[in-house]
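Peer 1: Below is a structure I'd like to ask you about.
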Amino acid sequence: MDIFVIRGGTPLVGSIALAGAKNVALKALVASLLTDEPLILSGVPLIRDVALMGELLAGLGRKVIFNEHTVRIEKDGKDSFQVPLELGARLRTSSMVLGPLLARRGEAIIPNPGGCRIGARPIDRHIEGLVKMGADISYHSEDGYFHARAKKLTGVTYEFPKNTHTGTETLILAAVLAEGTTVLRNAAQEIEIDDLIALLNSMGAQITRSDTREITIKGVPSLHGGAYSIMPDRNEEVTFAIAAAVTGGRITITNSQHEHLEAFLDAFRKAGGTAEVEGATTTYASGGALTAVDVTTAPHPGFMTDWQAPWAVLMTQAKGSATIHEAVFESRFSYVPELKKMGADISFFDPPVENPEVFYNYNWSDRVPGFHPAIRIAGPTHLHNAVVNITDLRAGATLVLAALAAQGESYVHGIEHLDRGYEAFETRLSQLGAQLKRINEE
Ligand code: EPZ
């Protein structure tokens, strides 16, 4: 188990390019199952989850060849339709192979998906849509697998009960080869979905965003291979923007995704941060004294749930009392006790909410007893060094940001969570001036 030793207090200054978007690359790899022809993806981030997905595809009869940030996937003779439990349990997106396997093989056995420990993360909305398209799916608790079959998938009109990013993508991946037309209503609008749609259309699919929160997919007999370049990761941009602000530095993102970060840029500028857009670049800095700004997370185009953890660190450095209301996942504040070890003044509370069953994006029945959906941060506080533990990906980046802002030397445990979603995080932070080294604990 690796840890980061971080000496805080150095302003981060310099230019950096975003890696490819994790939440596109993983689905693009799954899309390779929809054709027997080679698919070449470039701009793929070199992160553990992508390597794991490569292993998963190899187990399903694909040859996956990585060359730097490009990966070539082609058919490899073997033809399995079962995802091993240990693999599926480590990768939230493992369940997404349901779509392509049912569409082309008529059969799939997949484990209950894992991913970050930020809640139950069920896939009931994925299953409901696939069943409507003609799949027969049952969960066998005795072996921990979903067993799915479908003679053929037929196009349907399906309305999601609530927003689901990967649920929308799973149904798109199932519908592209289905018989007839599928219309998805109350479909997610996360921009990563549009990149997946562009990839699939480049492979011969016929998918359009036919209305607000509506996607229409005309089934086609087959998809061909091709080549596609993955969009940069906007979640990384938020992490580096906040790194600049909390260390009193100045960071330029050379392949900025500012056009997909409006909700973040609004809040960041309101808090006193500066974000200067110039062509393809955006330069972030603290802009002097920061002031508290409340945020409530929401599906795109709202303030993304992936941004709230790093935002909390920014608010520890802002004057006043800031609230963060997490409305997407039912337990995504694992970083709070760790930030408090560093001197942050954070308390939990329950904001009054009309009709919470509808307001919260998770299934109300999944809420964790005793969990509070909001925190209040009093600032500014001087963060000091501590020994902290990472439990999930975005919380991990948060603790690194806090350690970079804190005085003294901090020890951050659980770096494997960071390796899941941030490419060469320590190297890139060091290039910006961070005093940080990775040591192996064993
Ligand atoms: C995707 O997760 C992303 N992951 C998440 O990023 C991101 O935070 C999230 O979308 C919101 O944008 C990937 O794309 C791999 P949801 P996903 O389905 O699809 C509940 C990161 O750090 N729900 O929109 O799992 C669910 O439990 C990750 O990169 C159901 O109850 O999110 C959650 O509370 C973290 N039943 C809420 O809805 C379902 O069938 C939103 O989930 C599906 C979802």
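Nothing in this text is a laboratory measurement; each read-out follows from the coordinates by a stated rule. None of these values were measured; they are calculated from a predicted model. Cβ atoms come from the backbone with ideal geometry, glycine included; neighbour counts cover every protein chain shown.
Peer 1: Suppose every K and R has +1 on its Cβ and every D and E has -1 on its Cβ; what is the size of the dipole of region 321-401 about the Cα centre, in Debye to the nearest 20?
Peer 2: Taking the Cα centre of region 321-401 as origin, the dipole is about 320 debye.
Peer 1: How tilted is helix 22-31 with respect to the longest principal axis of the chain? Cα atoms for both, answer in degrees (0 to 90, nearest 10).
Peer 2: Relative to the chain, helix 22-31 is tipped by roughly 10 degrees.
Peer 1: Relative to the Cα centre, what is the charge dipole magnitude of the chain, using +1 at the beta carbon of each Lys and Arg, -1 at the beta carbon of each Asp and Glu, and rounding to the nearest 20 debye?
Peer 2: It comes to approximately 80 debye.
Peer 1: Also: Report the one residue of V71, L87, V97 whose Cα lies farthest in the direction of the positive end of the charge dipole of region 34-98 (charges on C-beta: Lys and Arg +1, Asp and Glu -1; origin at the Cα centre).
Peer 2: L87
Peer 1: Could you pull out every one of the aspartates and glutamates with an alpha carbon less than 14 Å from that of K341, ignoring same-chain neighbours closer than 8 positions?
Peer 2: E409
Peer 1: Can you pull out the GluC sites (Glu not before Pro) in region 264-373 that DSSP calls coil and that have at most 12 other Cβ atoms within 10 Å?
Peer 2: Hits after loop and neighbour filter: E354.
Peer 1: Which of W364, W307 comes first, and how do the rest follow, when ranked by fewest Cβ neighbours within 10 Å?
Peer 2: Arranged by neighbour count, lowest to highest, W364, W307 become W364, W307.
Peer 1: Using the Cα centre of region 197-281 as the reference point, and only Cβ charges (+1 on K/R, -1 on D/E), how large is the resulting charge dipole? Debye, rounded to the nearest 20.
Peer 2: 140
Peer 1: Next question. Considering Cα pairs under 8 angstrom that are at least six residues apart, work out the relative contact order of region 269-364 and quote it in whole percent. Show your work: numbers first, answer last.
Peer 2: Details: 114 pairs, mean separation 21.1, N = 96.
22 percent.
Peer 1: Run through region 91-170 and list the GluC sites (Glu not before Pro) located in a DSSP loop whose Cβ has at most 10 other Cβ atoms within 10 Å.
Peer 2: Here the GluC sites (Glu not before Pro) that fit, given the DSSP loop and packing criteria, are E142.
Peer 1: Relative contact order of region 163-263, please, whole-number percent, based on alpha carbon pairs below 8 angstrom and at least 6 residues apart.
Peer 2: That works out to 25 percent.
Peer 1: Could you work out the relative contact order of the chain, using alpha carbon pairs under 8 angstrom and six or more residues apart, expressed as a whole percent?
Peer 2: In percent, rounded to a whole number, it is 21.
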